[in-house]
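Only one structure is covered here, and it is reproduced in the block below.
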Amino acid sequence: MTCAAVVLAAGGGRRYGMPKALVEYEGSLLVERAVRTAGWACDVVLVVLGAQALDVWRTADLRGATVVANKDWETGMASSLRTGLDGLRGFPGTVDAALITLVDMPGMTPSALAAVADHAAPGALAVATYDGVRAHPVLLGRDHWAGVIETATGDEGARRYLAAHDVTEVDCTRLADPADLDVPPSGVPSAP
């Protein structure tokens, strides 16, 4: 089965003060870290850019990833999810499942991505859990893409679709840190 990672990195980072794709974290940009981590778990990596997309594309090392731009990024994460899934539909060869991950989760690991990706199949739905709480990554089998695209709105992404379907929960409690970076650490300027 072919599983493609989709890194959602289009947001403007309103609470952070800048697009998170351009945030430097431990020596690299968050988008570089997310793409590199995804590349360890999946042969195909697609990254969705939006806010300051040209700056991100020029600045970040995105080798090995296919880059798509979400022109509607300001409407929320759902538009980026739709853009990523649409991008995979046109990918050469058949992609059986999409592994969705976020740019602002620097504690994500190849192990957690691989644990969820192991469930890849056209009819699969799987989500990582941490101490029983659902988080990312999320696996969407190809058979579900049209339904996810149809129901994804605002910043909810696939949440509504997943709530209406049977989903395999994959315990990733000790495999990764699911915390996201919503605001800069105190005392750290938000823009370079």
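Bear in mind these aren't lab numbers, they're just calculated from the coordinates by the rules spelled out. Bear in mind that the values here come from a model prediction, so they are computed numbers and not experimental data. Please note: Cβ atoms are built from the backbone with ideal geometry, for glycine as well, and neighbour counts cover all protein chains shown.
Note on the stretch 3-171: dipole from Cβ charges, positive end direction compared against THR129, VAL116, ALA146; the farthest Cα belongs to ALA146. Computed from point charges on the beta carbon alone (+1 for Lys and Arg, -1 for Asp and Glu), the dipole magnitude for the chain about its Cα centre is near 320 Debye.
Please report the antiparallel percentage of the DSSP beta bridges confined to the stretch 1-67, to the nearest 5. Spell out each step's value before the answer.
Numbers: 2 of 12 bridges.
Of those bridges, close to 15 percent are antiparallel.
For the stretch 14-71, what does the alpha-carbon gyration tensor say about shape, rounded, prolate or oblate, given a ≥ b ≥ c as the root eigenvalues, a/c under 1.5 as rounded, and a/b over b/c as prolate?
Working: a/c = 1.92, a/b = 1.30, b/c = 1.48.
It is oblate, given that a/c is not under 1.5 and a/b is not larger than b/c.
Simple spin-label estimate for ASP86 and ASP182 gives 2.9 nm between the two label positions (7 Å along the Cα-to-Cβ direction from each Cα).
Quote the charge dipole size of the stretch 1-97 about the Cα centre in Debye, to the nearest 20; the model charges only the Cβ of Lys and Arg (+1) and of Asp and Glu (-1).
On the way: 10 positive and 10 negative charges, 33 e Å.
So the magnitude is around 160 debye.
Mean separation of Cα pairs under 8 Å and 6 or more residues apart, divided by the residue count, gives the chain a relative contact order of 25 percent. Here the dipole of the stretch 130-169 is about 60 debye; that uses its Cα centre as origin and unit charges on the Cβ of Lys and Arg (positive) and Asp and Glu (negative). Each residue of the stretch 148-165 was assigned a 3J(HN,Hα) from its phi angle through the Karplus curve 6.51 cos²θ - 1.76 cosθ + 1.60 (θ = phi - 60°); the sequence is 5, 4, 5, 9, 6, 9, x, 9, 7, x, 8, 3, 5, 5, 5, 5, 9, 9 Hz, with glycine and proline shown as x.
Distance between the C-alpha centres of the stretch 1-52 and the stretch 64-78: 11 Å, rounded to the whole angstrom. Close amide-amide hydrogen proximity is noted between VAL170 and VAL127, ALA128, THR129, each under 5 Å apart and 5 or more residues distant or on a separate chain (H modeled in the peptide plane; Pro and chain starts excluded).
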